[in-house]
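For reference, the structure discussed in these notes is given below.
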Amino acid sequence: MKKEEILSTITGGPADTTQLKDVLSEVNTMNTADIAEVFEDLHEGQLIQMFRILPKAIAADVFAFMDSDHQQHIIEALTHTEISEIMDKLFVDDAVDFLEEMPANVVRRVLKNVQREKRKIINQILRYPDDSAGSIMTTEFVDLSEDATVKEAFDTIRKIGLNSETIYNCYVMRKDRTLVGVISAKTLMLSRPRDRIGDIMDTNVVFAYTTDDQETIADQFQKYGFLAMPVVDKEKRLVGIITVDDIVDVIIEEHTEDIEKMAALVPSDDPYLKTSILRHSKNRFVWMLILMLSATITGTIISSFEDGLMVLPILMSFIPMLMNTGGIAGSQSSTLIVRGMAVGEINLKDIAIVLWKEIRIGMLCGLGLGLVNFIRVFIMNNQDVLLCLTITLSLFCTILMAKTVGSVLPIFAKRLKIDPAIMSAPLLTTIVDAVSLIIYFSFAKIIFGL
C-alpha cells in the first residue's frame with residue numbers, strides 16, 4: 001500500500017475495522033519519518049485518531065519527526081497519561097526541540113506530566129544559550145567505568161542501550177564523571193571478555209564544552225567524521241553527547257541563515273508558508289531601506305558629473321551595464337569566499353593568497369569582457385574609438401575592483417567578528433556601485449577632456 005493509498009483510505013470517509021487494521025499493518029512496516037510525513041497530510045481529527053492507534057513503541061519516534069504545529073495539535077488532544085507516555089519515550093534532545101517551539105501554556109502542561117528526573121534535565125538544557133552545544137545535546141548515552149571488563153560493558157549496554165541515543169560510541173568516566181576516554185562498539189566486539197576498558201579505550205577524545213558554538217561543533221563533525229561527540233562542563237565532567245542527526249539540523253539552519261543574509265534578509269527560524277505577511281515585510285524592509293538610502297551616494301556621484309553628461313549624454317546609457325557587471329563580479333567572489341570560510345577551506349591568514357588570486361581572476365575576466373565590449377560599442381556607436389576606450393577601461397577596472405572588494409570584505413568581517421554573509425550583499429553593493437561610477441566618470445573626464 002503506497003502513501004497515496006493510505007491517505008485515500010484514511011481521508012475517504014469513515015473506515016471500517018478491517019480497513020484500519022490494513023492501514024495500521026502497512027504503517028507499522030514504514031520508517032517513522034515516512035509515517036510522520038503521511039500523518040502531516042491529515043486534518044486535525046484524522047491525525048489524532050491515527051496517532052492514538054499507533055503502537056506505543058513507535059508513537060514517540062513519529063511524534064519527534066512531525067512539525068511543531070502538528071505536535072501541538074496532538075499534545076492538546078491527548079490526556080495527561082498519554083502525554084506522560086510520549087514524553088517518557090522521547091529522547092531528551094527531541095523533547096527540548098519540541099518544547100522550544102511550543103507556547104508557554106503547552107510547555108507547562110507537558111512538563112507537569114514528565115517524570116521529575118527527566119523534567120530536571122530538560123529544564124537544565126533549556127537554560128543553555130541558544131546555538132550552544134549544551135542546547136542541542138542529549139543526556140541519554142552509554143557511560144562505562146575504566147575498571148570494568150568488556151563482559152561487564154556489554155551487560156551495561158544491554159541494560160541501558162535501548163534508552164540511549166546511540167551505542168556505537170561509549171564514553172568512559174571516572175567516579176567523579178570526568179571524561180577519560182571513548183570506546184567504540186567495534187573495539188568492544190573485537191576484544192576479549194576479560195579485557196579492562198581502561199586498557200583498550202581511546203584516550204585521545206575530541207569533546208565540546210557546553211558553551212561552544214554549534215557551528216564550531218558542526219565543523220568538527222565534518223572534520224573528524226563523527227557520529228557523536230561528548231559534551232563536558234568546565235570541570236571536564238561528561239554531561240551529554242551531540243549526535244550527527246542534530247548536527248545535520250544545525251548545518252541546514254546555519255546555511256539557511258547565511259543565504260538569507262546574503263540575500264539582504266533578516267534571518268527567520270519560521271517556515272516561509274507559516275510566516276505572516278507582516279513578519280515577512282519586517283524581515284525584508286530593513287535591508288531594503290538601507291540599500292535605498294545608500295543609493296543616495298550613487299545619485300550624488302551622478303549629479304556631480306551632470307555637466308559632462310549634458311555634453312555627452314550617451315555616457316548615461318552605459319551606467320547600468322557597468323554597475324550590474326561590477327555587482328555580479330563582486331557577488332561571485334564574496335559568495336565563494338563566504339562558502340570557503342564556512343567549510344574551513346579559507347582562513348584569516350589566507351587573505352594575501354585570496355587577494356592575489358582574485359586580482360588575477362579579475363584581470364582575466366576584465367580583459368575578456370573588455371574586448372567583447374570594445375567590439376560591441378565600436379559597431380553600435382559609429383566606430384567611436386574614444387567612447388570604446390572609455391567603456392572598456394572602465395569595465396576592466398570595475399571588474400578588477402569588484403573582485404578585490406568582494407574577496408576581502410568577508411575576510412575583514414570575520415576578523416572583526418561580524419558575520420561575513422552580511423558583507424556579501426548590502427555593503428558590497430553600495431561600495432561597488434559608488435566606486436564603479438567614480439572610475440567611469442574619471443576615465444570620461446580624462447579621455448574626453450570634460
Exercise. If you place +1 on the Cβ of every Lys and Arg, -1 on the Cβ of every Asp and Glu, and leave all else neutral, what size is the dipole of region 305-359 about its Cα centre, to the nearest 20 Debye?
Worked result: 260
Problem set entry | Whole-Hz ³J(HN,Hα) from phi, Karplus 6.51 cos²θ - 1.76 cosθ + 1.60, for region 327-343, glycine and proline x | x, 5, 4, x, 5, 4, 5, 5, 4, 5, 5, 4, 5, x, 6, 5, 9
Exercise. What residue among I251, T275, A218 has its Cα farthest toward the positive end of the dipole of region 191-330, where the charges are +1 on Lys, Arg and -1 on Asp, Glu, each on the Cβ?
Worked result: T275
Problem set entry | Inter-centroid distance (Cα atoms) of region 197-225 relative to region 273-337, Å | 45
Problem set entry | Rounded to 5, percent antiparallel among DSSP beta bridges of the chain | 75
Seminar exercise, completed: Which of (i) 57, 30, 19; (ii) 87, 29, 15; (iii) 41, 31, 18 is the computed semi-axes √(5λ) of the Cα gyration tensor in Å? It is (i)
For this session: Place +1 on the Cβ of every Lys and Arg and -1 on the Cβ of every Asp and Glu in the chain, take the dipole about the Cα centre, and give the residue among V142, I447, T29 whose Cα lies farthest towards its positive end.
Result: I447
Exercise. Magnitude of the Cβ-charge dipole of the chain, K/R +1 and D/E -1, about the Cα centre, nearest 20 debye?
Worked result: 1220
Exercise. Stokes-Einstein D for region 98-194 at 4 °C, 1.567 mPa s, Kirkwood Rh over Cα pairs, in µm²/s?
Worked result: 83
Exercise. By average Cβ neighbour count within 10 Å, what is the ranking of 134-140, 300-306 from highest down?
Worked result: 134-140, 300-306
Problem set entry | In sequence order, calculated HN-Hα J values of region 169-177 (Karplus, 6.51, -1.76, 1.60; Hz; x Gly/Pro) | 10, 10, 10, 9, 10, 7, 5, 8, 6
For this session: List, in order, the whole-Hz ³J(HN,Hα) value for each residue of region 92-106 obtained from phi through the Karplus relation with A = 6.51, B = -1.76, C = 1.60 and θ = phi - 60°; use x for Gly and Pro.
Result: 4, 5, 5, 5, 5, 4, 5, 5, 5, 9, 8, x, 4, 5, 5
Seminar exercise, completed: Of the candidates T335, L437, L395, the farthest towards the positive dipole end of region 307-450 (Lys/Arg Cβ +1, Asp/Glu Cβ -1, centred on the Cα centre) is T335
Exercise. Carbon-plus-sulfur fraction of the accessible area of the chain, 1.4 Å probe, in percent?
Worked result: 59
Exercise. Solvent-accessible area per residue for region 302-450 at a 1.4 Å probe radius, Å²?
Worked result: 51
For this session: Please list, or write none, the aspartates and glutamates whose alpha carbon is within less than 17 Å of the alpha carbon of K89, excluding same-chain residues fewer than 8 places away.
Result: D61, D97, E117, E140, E165
Seminar exercise, completed: Sorted by chain and number, the residues with a modelled amide H under 5 Å from that of D212, at a separation of 5 or more or across chains, are A133, G134
Exercise. Near K234, which lysines are there with a Cα under 28 Å away, not counting those fewer than 8 places off in the same chain?
Worked result: K118, K120, K175, K223, K414, K417
Problem set entry | Relative packing of 80-93, 385-398, which averages over residues the other C-beta atoms within 10 Å, highest first | 385-398, 80-93
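The values are calculated or read from the model by the stated rules, or taken from the named source; none is laboratory data. What you are looking at is a predicted structure, and each value in this text was computed from that prediction instead of being measured. Cβ sites come from the backbone with ideal geometry, for glycine too, and all protein chains shown count toward neighbours. Just the protein is used for accessible areas: all its heavy atoms, side chains included, with ligands, DNA and RNA removed. Shrake-Rupley method; radii C 1.70, N 1.55, O 1.52, S 1.80 Å.
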